[in-house]
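First comes the structure, then the notes that go with it.
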Amino acid sequence: MSDRPILVWFRQDLRTRDQAALSAAAASGQPVLPLYVLDEDSPAEWRLGGAARWWLHGSLLALAEDLASLGSPLLLRRGDAADVVASVARDAGASAVVATRHSEPHWCAADARLRTMLAADNIRFQIFPGTTLFEPGALRSRAGGPLKVFTPFWRACLGAEPPTRPLRAPATLRPPPRPMAGDSLDAWGLLPTSPDWAGGLRAAWRPGEATAQASFADFLERRLGRYHEDRNKLGPAPAATSQLSPHLHFGELSPREIWHTVFARMQADPGLMSGGESWLRELGWREFCAHTLAANPQMPNEPLHPRFAKFPWSHDVSKLRAWQRGRTGYPIVDAGMRQLWEMGWIPNRVRMIVASFLIKHLLIPWQQGEAWFWDTLVDADLGNNAGGWQWVAGCGLDAAPYFRIFNPVLQGEKFDSAGDYVRRWVPELARLPSRLLQRPWTAAPLDLVEAGVRLGLDYPWPLIDHGAARARALQAFDRLPA
DNA sequence: TGAAATGTTGGGGCG
DNA sequence: ACGCCCCAACATTTC
C-alpha cells in the first residue's frame, strides 16, 4: 500500500455521500488530500455571481468540517484551477488526482489541460460521474445525435439503464503525512461586506450537505405526494417547491440519490406516484440542460437557433433597471424580482413570468436577464440558466413558440389567486382587494385611497401597456427570417 | 409549462 | 308554439 496521497479535487460536488471520487480515494487505503480551488479567472465570462459566492462560502465551511471529522482537512487554494491542481499534486507527491465529471465547457477545458500536465509528471487522473444522472452524450436519438426535444429525452432517460446506486460516505479518511499550507476561507472574501446585502440569504438558507439531506427528507415526507397539485402554487415561504436547487447546483445532494430514493418511495407508496413523477421530471429538465450545454458550449451566450442572432432587441437601460429592481408596475413581476433580490431564489413558475416580461414585453436581450439571474440566484447554474432563458425566448431547444407571451395579470390571478405572494413581496399593495391586486392601475380612485396606494408614488404605473407590448413583440418576432 | 380571437352550441327570455 | 336574439360556455384557430 502506497503512502503517496490521492488528491481529491472538489468542484461543484461538495458532498461526502455518493462522491465516487472521494470514495475511490478512501478505498485505495492511501492518504486522501481534498482540495478546492477558487478559480476566478478561467471561466472569464461566467465567473461566480454574488449570491453563488455567498452560498459557496457556507458550503465550503460545511464540507471542510465534514472532511476534518472524517480525518482529512480540506485544502483551499486559489488561482487557475488546472495549474493549481497540478502543482499541489506534484508538491504533495500524489500518485493520482480524482474528480467528478463536470461538463460545463470551462471545466472540460480545465480537465484536458490538467490531464496533459499530470501525464508529464506520471500522475494518474481519473474522472468519475456524479453531477448528472447520465453522462452527457450517452443518450442519443436513433440517428445518433443529441436529443433536442425534452419529452423524448426524458423517455430515453427513463428507459435507459438506471444510474448507479448511490454510495455511502466514507467512514474515515487517512490524512496526508505532512499538512500543506492553504488559504483561509475568510480571506477569499466570498461574503459581501459594505454593504452586507446577504441578510435575506442568511434568513432563508443554510448551505451544506447536512441541510441538503434534511431538506430532501423533509420534502419527501411532507410535500412529494402533493407536488403535482402544488407545483404551480406561489406562496410566501415555505413554497410548494422543494427549494433544493442550490444544494443540487453545488453538488451537496446527488441526483442519483434523489432518483433512487424517489423511485423506492413511489414503489412503497403508490400515492406518491404522480407527485414523484412530476418532481423527477424537473430533475429531468436539469439533466436536459446539462446535456444540451455539453453538446452546445456556446449556449450561455448565443441562441441555439441562429436565426435569432439578428433580432432587433431594445437596449433600454432604464427599463432593464426597473425590471431588476421590481419596479415594472406589474405586481407579479415585481414580487418575483424583489424575492430574487432578497432571498436569491424564486420558483420556476415566476422565473418564466419575469423572463417572459423582460424578453417579450421589453424586448431586452435574454442574455441580460440571464446575467442578472447569474449574479442574484444562489442556484445559478450555467446550463439551467441558459436553458431556461433560451426556452422562454423561443430560441432554445424544445422552446416556447415566440407567440407564447405570458400575460402577467392572468398569470398572477391564476397562480397567486389569493394574492399571498404579491402581498408578501410588494407590501405597498397589501391592502388592495384581491380582484385588483394584480392590476392596480384599473382600481377606482376610492379603492386606491382605501388601500393607501398612490400610483406613481407608492407603486409605479405599468412600465408598458400589455396589449401594446404584446402586439409589438408579435410583430418583431414575426419578422424574423424563417 | 399561453393568450386572444374566432367559431359553435345550447339554454332561456321574449315577442 | 315558434323563431329570434343574446350570451355564456366550451372548442378551435390564430397569433
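The values are calculated or read from the model by the stated rules, or taken from the named source; none is laboratory data. This structure is a prediction, so every number in the text was calculated from the model and none was measured. No Cβ is skipped: glycine too gets one built from the backbone with ideal geometry, and neighbour counts run over all protein chains shown.
A compact table of results
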{"item": "Yes/no for A:Gln367 being assigned to a helix (DSSP H, G or I), out of contact with any strand residue (DSSP E or B) (no Cβ under 7 Å at 6 or more places or on another chain) and under 24 Å from A:Trp279 (Cα atoms)", "result": "no"}
{"item": "Members of segment A:243-260 found to be without any contact (Cβ under 8 Å) to a residue 60 or more places away in the chain and either more than 21 Å from A:Leu56 (Cβ to Cβ) or of a type in the set (A, V, I, L, M, F, W, C) (or both), listed by number", "result": "A:Leu244, A:Ile258"}
{"item": "Criterion violated by A:Leu397 - all others in (1) under 30 Å from the mean Cα position of the chain (by Cα); (2) under 19 Å from A:Ile353 (Cβ atoms); (3) within 15 Å of DNA strand B (Cβ to nearest atom) satisfied", "result": "(2)"}
{"item": "Filter result for A:Glu413 (touching a strand residue (DSSP E or B) at 6+ places or on another chain (Cβ under 6 Å) and either more than 16 Å from DNA strand B (Cβ to nearest atom) or not small (Gly, Ala, Ser) (or both))", "result": "no"}
{"item": "Of the criteria (1) surrounded by 23 or more Cβ atoms within 10 Å (Cβ to Cβ); (2) in a loop (DSSP other than H, G, I, E, B); (3) within 16 Å of DNA strand B (Cβ to nearest atom), which one A:Val378 fails", "result": "(3)"}
{"item": "Some residue of segment A:328-340 being aromatic (Phe, Trp, Tyr) and within 21 Å of the chain's Cα centre (by Cα)", "result": "no"}
{"item": "Test: residue in segment A:395-412 that is part of a helix (DSSP H, G or I), surrounded by fewer than 20 Cβ atoms within 10 Å (Cβ to Cβ) and within 16 Å of DNA strand C (Cβ to nearest atom)", "result": "yes"}
{"item": "Residue list for segment A:381-393, restricted to those being surrounded by fewer than 23 Cβ atoms within 10 Å (Cβ to Cβ) and either more than 30 Å from A:Glu252 (Cα to Cα) or more than 8 Å from DNA strand B (Cβ to nearest atom) (or both)", "result": "A:Gly388"}
{"item": "Condition broken by A:Arg404, with the remaining ones in (1) more than 11 Å from DNA strand B (Cβ to nearest atom); (2) modelled with pLDDT under 95; (3) over 30 Å from A:Arg206 (Cβ atoms) satisfied", "result": "(1)"}
{"item": "Residues being in a loop (DSSP other than H, G, I, E, B) and either polar (S, T, N, Q) or modelled with pLDDT of 95 or more (or both) - total across segment A:12-45", "result": "14"}
{"item": "Any hit, segment A:457-467, residues being crowded, with 16+ Cβ neighbours inside 10 Å, part of a helix (DSSP H, G or I) and within 16 Å of DNA strand B (Cβ to nearest atom)", "result": "yes"}
